[in-house]
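What follows is a short report on a single structure.
The values are calculated or read from the model by the stated rules, or taken from the named source; none is laboratory data. Nothing here was measured: the structure is a model prediction, and the numbers come from that model. Virtual Cβ from ideal backbone geometry, glycine too; neighbours counted across all protein chains shown. Surface accessibility is based on the protein's heavy atoms, side chains included, excluding ligands, DNA and RNA. Shrake-Rupley method; radii C 1.70, N 1.55, O 1.52, S 1.80 Å.
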Amino acid sequence: MSKTVADHLVERMRQWKAVRVFGYPGDGINGVIGALERARNEGEGPAFVQTRHEELAAFMACAHAKFTGEVGVCLATSGPGAIHLLNGLYDAKLDHQPVVAIVGQQARSALGGEYQQEVDLAALFKDVAAEFCQMVTVPAQLRHVVDRAFRIAIDQRTVTCIILPTDVQTLPAVPEPPREHGTLHSGIGRTARAEVPGGADLAAAATVLNQGQRVAILVGAGALQAGDEVLEVAQLLGAGIAKALLGKAVVPDDLPFVTGAIGLLGTEPSWDLMAHCDTLLMVGSNFPYAEFLPKEGQARGVQIDIDGRRLALRYPMEVNLVGDSARVLRALLPLLDRKADRRWRERVERNVARWWQVLEQRAMVPAHPINPQRVFWELSPRLPDDCVLTCDSGSAAFWFARDLKIRRGMLASLSGGLASMGNALPYALAAKHAHPGRPVIALVGDGAMQMNGINALITVAHSWRRWANPRLVVMVLRNDDLNMVTWEQRATEGEPRAGISQFVPSFPYADYAQLLGLIGMRIDAPEGVAAAWDAALAADRPVLLEMVVDPNVPPAPPHLTAHQLRAYGAAMLKGDRDALATVLASARQWWASLFPNVADAPGDKKSAETPRLAPLTGAAVAHPPAEPGEDESAAGEEDPGAALDSFPSRGGPA
């Protein structure tokens, strides 16, 4: 059989080192699916990974890029399939991840005739794939369209799109276009780029940093490969290091001068760092909230970013350096002086030490039934050294940002720029495909779990026996409330919790996990939290922890404004049905902040409840090897009813 355009597409993706394609089949891409199957039968890649929904495929492609540094690829059929990709693709675009989307289209002869599933895909993807979106209309065009899609995605760290009509997919391939007018002869080759500014610019930056007496460093995702260099700079300058959310894994949280997250989900030490610094060094961050940065005119600034378009956008920087963060910092280090006066560093370290005491005390404050902070606080010291953490948007992200101490070697991410719900489970699955030997922990709110996590859990049940390390823990933060939005209604809009919109329907998450052949545990007493994490992280298969937590524990920002306090008071006076509970919970958190070494707030009583955690009873699980030639998605579904013993769900249906 002669090679088709779809075969050429698969071969060219392989040459671009694409190892897997996340997608969902449909008749608009049957030619491509057939080509992927033929490649698999010949022992070639890329592997096709079937997801439960196209949105999950796009999220997984984004996460693949985040956790590997490679291009993520997703595939969807024409019309509805292509439309479903958009949210995950915007996640990649706003977090600056290289992702190539391949979408089918109706036959060329039908276009413009209002054919079934005909959508103007070029217009649909015009924004999300603004750097490159092209439809292949003849076989000789495919090579340079694929090459440009991958090259631009890598170079601009963005989303690109290839549109492939169904009839084009099955035409004979033209791997080498004729050497004539009107053809292109693209190549892959090696790309080198200058990634370090000139000496004069480096010297100007060093002058600003050396003259500063109170230096603050803010790092983001662009500094993830520059952690050692950031630490060296901080040690020389006596600086504190704050982290934007996507930069949580840049430097370890157990260092005494790392102040942690910044912003609404940030820490008090990060707030103090920015409020009192006289010099700001921003590395690989596009952190958007000006109110959490120094006041204009307070500090001199130096910024490093790979993309010059994002320089001096959030703060009026004095020196802007375009280049790779690690290389620029290495070039800058010899020009920096070690500051003899360490009083600023000592202040930062005192603030950090006290803050960790505050967080521990807050986590142990009684709640009904479990304080959500305790769920994260108990996990933190139990994190495996090489784990991958994924987190969803919502209140889970708040506690993830504050209460987890990231250590060297860990990976962590969430939906940053888009802040989309529903990313944690597909991120976790992509992490397992990319790093099957590493334990993965997904932190999910119940709203996001119902949005698409329940479906993604089916893929977990289908795939886990092929992982070198079967440990994947899905923690569902169950409070029956869209909690972050509820608190935003109160503290931002001055409105009470809206009963028509905020309630999350009851669902038996742990029982559902067991139905799929996984381990499911429902924990509804604080004494069971630590033991649940221990058991889950030692289990021989994926585990879902259904943590029943108190929705009234406030995710308060590090610095409450007068507006927020007035809005909160107004919400309570307007008849918030949980007014008393939220006021009491807020008072306990406030007390813990004032007196972090005092065990109990006035009026608190120690819980006399005993843990409600069931022992692990599951037998060892055999991991059957894949059949010869079987790829990541080819094995047949296991019978969920044939699952081995697992944790019994506690407390019955949720």
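Among the residues of segment 215-228, is any open to solvent by less than 60 Å² (accessible area, probe 1.4 Å), among the charged types (D, E, K, R) and within 28 Å of the chain's Cα centre (by Cα)?
Scanning segment 215-228 turns up no residue that is open to solvent by less than 60 Å² (accessible area, probe 1.4 Å), among the charged types (D, E, K, R) and within 28 Å of the chain's Cα centre (by Cα).
Scan segment 97-112 for residues that are in a helix (DSSP H, G or I) and either charged (D, E, K, R) or surrounded by 24 or more Cβ atoms within 10 Å (Cβ to Cβ) (or both) and jot them down.
Arg108
For a quick check of your reading of the model, give me the residue pairs whose first member lies in segment 1-24 and is open to solvent by 10 Å² or more (accessible area, probe 1.4 Å), whose second is assigned to a loop (DSSP other than H, G, I, E, B) and charged (D, E, K, R), with beta-carbon atoms closer than 7 Å and at least 6 apart or on different chains.
Once the first residue is open to solvent by 10 Å² or more (accessible area, probe 1.4 Å) and sits in segment 1-24, its partners that are assigned to a loop (DSSP other than H, G, I, E, B) and charged (D, E, K, R) give Arg14/Glu44; Lys17/Glu70; Arg20/Glu632.
Please pick out the residue among Leu218, Leu142, Leu209 that is within 30 Å of Arg342 (Cα to Cα), of a type outside the set (Lys, Arg), assigned to a helix (DSSP H, G or I) and touching a residue at least 60 places away in the same chain (Cβ under 8 Å).
Leu209
For segment 93-103, does any single residue satisfy the condition of being of a type outside the set (A, V, I, L, M) and over 17 Å from Leu418 (Cβ atoms)?
No, because not a single residue in segment 93-103 is of a type outside the set (A, V, I, L, M) and over 17 Å from Leu418 (Cβ atoms).
Looking at segment 407-420, is at least one residue in a helix (DSSP H, G or I) and in contact with an Asp or Glu (Cβ under 7 Å, 6 or more places away or on another chain)?
No, segment 407-420 contains no residue that is in a helix (DSSP H, G or I) and in contact with an Asp or Glu (Cβ under 7 Å, 6 or more places away or on another chain).
What number of residues in segment 247-287 are open to solvent by less than 10 Å² (accessible area, probe 1.4 Å) and of a type in the set (Asp, Glu)?
Of the residues in that region, 1 qualify.
Mind checking which pairs have a first residue in segment 433-445 that is farther than 30 Å from Leu482 by Cα and in a loop (DSSP other than H, G, I, E, B) and a second that is at pLDDT 95 or above and open to solvent by less than 10 Å² (accessible area, probe 1.4 Å), Cβ under 9 Å, 6 or more apart or different chains?
His435/Val388; Arg438/Cys387; Arg438/Val388; Arg438/Ala431; Arg438/Lys432
Does at least one position in segment 115-129 carry a residue that is over 36 Å from the mean Cα position of the chain (by Cα), open to solvent by 40 Å² or more (accessible area, probe 1.4 Å) and modelled with pLDDT under 90?
There is at least one residue in segment 115-129 that is over 36 Å from the mean Cα position of the chain (by Cα), open to solvent by 40 Å² or more (accessible area, probe 1.4 Å) and modelled with pLDDT under 90.
State all residues of segment 299-331 that are assigned to a loop (DSSP other than H, G, I, E, B), open to solvent by 60 Å² or more (accessible area, probe 1.4 Å) and without any contact (Cβ under 8 Å) to a residue 24 or more places away in the chain; if no residue qualifies, say none.
Of everything in segment 299-331, just one residue is assigned to a loop (DSSP other than H, G, I, E, B), open to solvent by 60 Å² or more (accessible area, probe 1.4 Å) and without any contact (Cβ under 8 Å) to a residue 24 or more places away in the chain, namely Pro316.
Name, by its number, the condition in (1) among the hydrophobic types (A, V, I, L, M, F, W, C); (2) buried (at least 22 other Cβ atoms within 10 Å of the Cβ); (3) without any contact (Cβ under 8 Å) to a residue 24 or more places away in the chain that does not hold for Ala562.
(2)
Could you tell me whether segment 178-186 includes any residue that is touching a residue at least 40 places away in the same chain (Cβ under 8 Å) and touching a Pro at 6+ places or on another chain (Cβ under 6 Å)?
Scanning segment 178-186 turns up at least one residue that is touching a residue at least 40 places away in the same chain (Cβ under 8 Å) and touching a Pro at 6+ places or on another chain (Cβ under 6 Å).
Among the residues of segment 27-86, how many are assigned to a loop (DSSP other than H, G, I, E, B) and either small (Gly, Ala, Ser) or touching a residue at least 40 places away in the same chain (Cβ under 8 Å) (or both)?
11
Say we look at segment 66-88 and pick out the residues that are surrounded by 24 or more Cβ atoms within 10 Å (Cβ to Cβ) and among the hydroxyl-bearing types (Ser, Thr, Tyr); which of these is nearest to Pro426 (Cα to Cα)?
If we take residues in segment 66-88 being surrounded by 24 or more Cβ atoms within 10 Å (Cβ to Cβ) and among the hydroxyl-bearing types (Ser, Thr, Tyr), then Thr77 is nearest to Pro426 (Cα to Cα).
Which of the residues spanning segment 462-484 are open to solvent by 10 Å² or more (accessible area, probe 1.4 Å), under 30 Å from Gly569 (Cα atoms), of a type in the set (A, V, I, L, M) and at pLDDT 85 or above?
Matches in segment 462-484: Leu482 only.
List every residue pair whose Cβ atoms sit under 8 Å apart, with the two residues 6 or more apart in sequence or on different chains, where the first one lies in segment 504-524 and is at pLDDT 95 or above and surrounded by 20 or more Cβ atoms within 10 Å (Cβ to Cβ) and the second, anywhere, is of a type in the set (Phe, Trp, Tyr) and not in a loop (DSSP other than H, G, I, E, B).
Every condition considered, the pairs that remain are Leu518/Trp464; Gly520/Tyr509; Gly520/Tyr512; Arg522/Tyr509.
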